[in-house]
Amino acid sequence: MSSFEFASPYFLYGLIIIPLLIIWYIFRGRKQSAYMRFTDTSFFAKLPKSWRSYVRHLLFALELGAMALLFIAMARPQSSSTNQTINVEGIDIVMTMDISSSMLAQDLKPDRLEAAKSVGAEFIKGRPEDRIGLVVFASETFTQVPLTTDHGMVLNMLKDMKCGMLEDGTAIGDGLASSVSRLKDSEAISKVVILLTDGDNNSGSVDPSTAAEMAKLFGIRVYTIGAGTRGMAPYPVQTPFGGIQYQQVEVNINEPLLQQIADMTGGKYFRATSNEKLEQIYEEIDKLERSKIEVNEFKRVHEEFLPFVLWALALLLLDFVLRHTLLKTLTD
């Protein structure tokens, strides 16, 4: 990158004198005019004007130009070139979400899953430099989006995610193991899993503790989020007549298990009891997992006053030559 600036810009205020001198020159020219007495001036009206009458103001213009260039030179114009090296340490993140039927409970609004999708989307939008993947699980697990920088695709797949895509159940161990398999070969400086669930491990073939050991082995940090209020929560139940009614069901999140997974991998456990709390959790994770940017800047300054001085001297020299040759007056 290059830029242009003045080291002593206050000298530029001297340019204000230029329009003042022009005004002075105009008024002086009107008051100072040579004259001779003749009984009849019609003879002079027929004479062609000399070329000197057209260029007689050139000397004043040359002096003004030289003065302006000298003021600019005294302001010390400088050009600078900057080289900037930016190193971004990327972070690979897999968002692992529970899509079991219990995620339809409405203690978060409009329900747990939609709240998680909404807040997760904002989190993704704030991570433009990172690769992000999406894994969903219920009684089985599925990689919705592998690690990618195409965040538009991740957001679209997140938006389309819904309960019922997989057989019902909560296979926390399988979901975490699938996420680890997506990250284990990553060369990123930091590898992270954000695991969100609202229940306890009740299906799947991989024990959550074993999956956590795998994550630890590959240097993967796991942030766990328990989504749901404490106590009871309204849950939609279909009636025999095809309608929906809400029943209060007990919220049963295995917090010790989620805490254990986080502790084993160097992550952190959070409990999201409301939409606001869920937003705060993602904001905290966002701060904890920030890409490190190192900027090395080299700036070289070049003095640029010499061309202005040379041009000013050239104008003064031209003024001197013309004043004593072609435009010489009787008073000189």
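Observations on the model:
- Some residue of segment 197-204 being at pLDDT below 95 and not in a loop (DSSP other than H, G, I, E, B): no
- Scan of segment 237-292 for residues that are closer than 23 Å to Ile132 by Cα, in a loop (DSSP other than H, G, I, E, B) and open to solvent by 30 Å² or more (accessible area, probe 1.4 Å), ordered by number: Gly266, Lys268, Arg290, Lys292
- For segment 209-260, the set of residues classified as over 18 Å from Leu108 (Cβ atoms) and among the basic types (Lys, Arg) consists of Lys216, Arg221, listed by residue number.
- In segment 137-161, the residues that are without any contact (Cβ under 8 Å) to a residue 40 or more places away in the chain, closer than 19 Å to Val119 by Cα and either in contact with a Leu (Cβ under 7 Å, 6 or more places away or on another chain) or part of a helix (DSSP H, G or I) (or both): Gln144, Val145, His151, Gly152, Met153, Val154, Leu155, Asn156, Met157, Asp160
- A residue that is surrounded by 15 or more Cβ atoms within 10 Å (Cβ to Cβ) and not hydrophobic (A, V, I, L, M, F, W, C) can be found somewhere in segment 149-161.
- Selection from segment 266-278 of residues that are touching a Ser or Thr at 6+ places or on another chain (Cβ under 9 Å) and not hydrophobic (A, V, I, L, M, F, W, C): Gly267, Lys268, Tyr269, Thr273, Ser274, Asn275
- Single residue of segment 210-236 satisfying the filter (part of a loop (DSSP other than H, G, I, E, B) and in contact (Cβ under 8 Å) with a residue 40 or more places away in the chain) that is least open to solvent (accessible area, probe 1.4 Å): Gly228
- Index of the failed condition, Glu187 passing every other in (1) touching a residue at least 12 places away in the same chain (Cβ under 8 Å); (2) under 28 Å from the mean Cα position of the chain (by Cα); (3) assigned to a loop (DSSP other than H, G, I, E, B): (1)
- The set of residues from segment 126-139 being surrounded by fewer than 19 Cβ atoms within 10 Å (Cβ to Cβ) and modelled with pLDDT of 95 or more comprises just one member, Ser139.
- Only one of Asp207, Asp174 that is open to solvent by 10 Å² or more (accessible area, probe 1.4 Å), charged (D, E, K, R) and out of contact with any helix residue (DSSP H, G or I) (no Cβ under 7 Å at 6 or more places or on another chain): Asp174
The values are calculated or read from the model by the stated rules, or taken from the named source; none is laboratory data. Everything numeric in this text was worked out from a predicted model, so none of it was measured. Note: ideal-geometry Cβ built from the backbone for every residue, glycine included; neighbour counts use all protein chains shown. In case anyone asks, the SASA skips ligands and DNA or RNA and just uses the protein heavy atoms, side chains included. Shrake-Rupley method; radii C 1.70, N 1.55, O 1.52, S 1.80 Å.
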